[in-house]
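Comments concern the structure below.
Each reported figure results from applying straightforward, stated rules to the coordinates on display, with no laboratory input. As the structure is a computational prediction, the values presented were derived from the model and not from experiment. In this analysis, Cβ positions are derived from the backbone assuming ideal geometry, glycine residues included, and neighbour counts consider all displayed protein chains.
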Amino acid sequence: MEKALKLTENETILLLIEHLKHKGWIIESYCLGQTRGCDIVAIKHDEKFCIEVKGARADDNSPTKRREYFNSGQIKTHFGKAIVKILSDKHLNPNSKFAIAHPNDDDIIRSIGNLTPYLRNLEIKHFWVSQTEIIEEN
């Protein structure tokens with residue numbers, strides 16, 4: 001059996017952008033690589049949507065790449081940092097919508113899949129992204 005492709009953050013961003021466009025969102029901005037800021041900012045009507053995106057592995061050209069793919073501890077740390085960033089951004093932009101996106105990856109699902117449903121209590125959507133489909137939670 002072939003191992004599922006481990007998507008990088010950049011690959012996940014680009015797949016999610018296409019999904020959002022298909023849903024009628026206009027992409028205002030997005031960040032690839034080590035760029036700071038909200039990974040995807042989309043606009044639909046008068047609504048702003050800010051999405052923090054995480055990957056299953058570092059980009060091959062990343063200066064911080066140490067492993068072939070992220071382990072459970074790294075996945076949880078990235079998830080925690082995304083939550084803190086979104087909560088800070090929500091404080092500054094209370095009228096915007098927010099989400100976190102991850103690759104639909106077995107290791108990530110094992111590490112945080114039982115935690116993502118709690119994001120709805122914080123009014124944060126969650127996306128599972130693969131090359132063939134995007135699953136939206138809450």
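Some points to look at:
- Measuring nothing but how far apart in sequence close Cα pairs (under 8 Å, 6+ apart) lie, relative to its length, the chain scores a relative contact order of 23 percent.
- Taking the longest Cα principal axis of the chain as reference, the axis of helix 72-92 is set at about 10 degrees.
- Environment charge of LYS125, counting only residues whose C-beta is closer than 13 Å and scoring Lys/Arg +1, Asp/Glu -1: -1
- Sorted on the mean count of surrounding Cβ atoms within 10 Å across their residues, most packed first, peptides 123-134, 83-94, 34-45 read 123-134, 34-45, 83-94.
- Under 18 Å from the Cα of LYS48 - lysines, other chains or at least 8 residues apart: LYS21, LYS23, LYS85, LYS90, LYS97, LYS125
- With Cα atoms, 0 to 90° folded angle of helix 9-22 axis to the chain main axis: 40 degrees
- Based on alpha-carbon atoms, the Kirkwood radius and the radius of gyration of the chain give Rg/Rh equal to 0.94.
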